[in-house]
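Step one of this worksheet: look at the structure below.
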Amino acid sequence: KIEDGHLNNSLGSPVQADVYFPRLIVPFCGHIKGGMRPGKKILVMGIVDLNPESFGISLTCGESEDPPADVAIELKAVFTERQFVRNSCVAGEWGEEQSSIPYFPFIPDQPFRVEILCEHPRFRIFVDGHQLFDFYHRIETLSAIDTIKINGDLQLTKLG
């Protein structure tokens, strides 16, 4: 749950929850009010497409395309390789990709729940309630991480 950090979208209208957006259309780009901070959690719920290749979830510092916004964490599920890789991009430079996972958690045509918990030194990633991996912060100013972008072979059902 997000208490005081609503996900907002400029086109959105308030609904009976903490979350503001139009419809959850992919590719999706939304605003994280107040940015990230330790203890804050982002919830992404959706359904994987029937014949998926990949999908991605990124937390970025703004929406800029040119120059590209810094990417605090990019999560990418790659079905052909059964990988869930993560990386960051600071000042236009992608860092070292991390790919070790205990198992691949996503199944075509099935729902999923991804939680990105921001802790002081790292993001902790949960899928369907199971902790999958940690990703240590490469961007120090957590409050600057104020945008979520989601794309690829999935339908979104809920953000929070």
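Take the conditions at pLDDT 95 or above and touching a Phe, Trp or Tyr at 6+ places or on another chain (Cβ under 9 Å) and apply them to Glu53. Does it pass? Yes, satisfied.
The residues of segment 135-153 that are surrounded by 14 or more Cβ atoms within 10 Å (Cβ to Cβ) and part of a strand (DSSP E or B), listed by number, are Phe135, Thr147, Ile148, Lys149, Ile150, Asn151, Gly152.
If you go through segment 66-91, how many residues are out of contact with any strand residue (DSSP E or B) (no Cβ under 6 Å at 6 or more places or on another chain) and either surrounded by fewer than 19 Cβ atoms within 10 Å (Cβ to Cβ) or within 22 Å of His120 (Cα to Cα) (or both)?
9
Identify the residue in segment 92-116 that is outside any strand (DSSP E or B) and open to solvent by less than 80 Å² (accessible area, probe 1.4 Å) and, among all such residues, is modelled with the lowest pLDDT. Show your work before the answer.
To start, the set of residues in segment 92-116 that are outside any strand (DSSP E or B) comprises 92, 95-97, 99-110.
With open to solvent by less than 80 Å² (accessible area, probe 1.4 Å) added as a condition, the list becomes 92, 95, 99, 101, 104-106, 108.
On the way: Gly92: 93, Gly95: 97, Ser99: 96, Ile101: 96, Phe104: 98, Pro105: 98, Phe106: 98, Pro108: 97.
Step by step, filter segment 92-116, then rank; the result is Gly92.
Looking at Leu132, Leu156, just one residue is aliphatic (A, V, I, L, M), open to solvent by less than 40 Å² (accessible area, probe 1.4 Å), part of a strand (DSSP E or B) and touching a Pro at 6+ places or on another chain (Cβ under 7 Å), and that residue is Leu132.
Per the conditions (1) within 21 Å of Val26 (Cα to Cα); (2) surrounded by 15 or more Cβ atoms within 10 Å (Cβ to Cβ), the sole criterion not satisfied by Phe126 is (1).
The values are calculated or read from the model by the stated rules, or taken from the named source; none is laboratory data. Quick caveat: nothing in here was measured; it's all calculated off a predicted structure. Using ideal geometry, Cβ is built from the backbone for each residue, glycine included, and neighbour counts are taken over all protein chains shown. Surface accessibility is based on the protein's heavy atoms, side chains included, excluding ligands, DNA and RNA. Shrake-Rupley method; radii C 1.70, N 1.55, O 1.52, S 1.80 Å.
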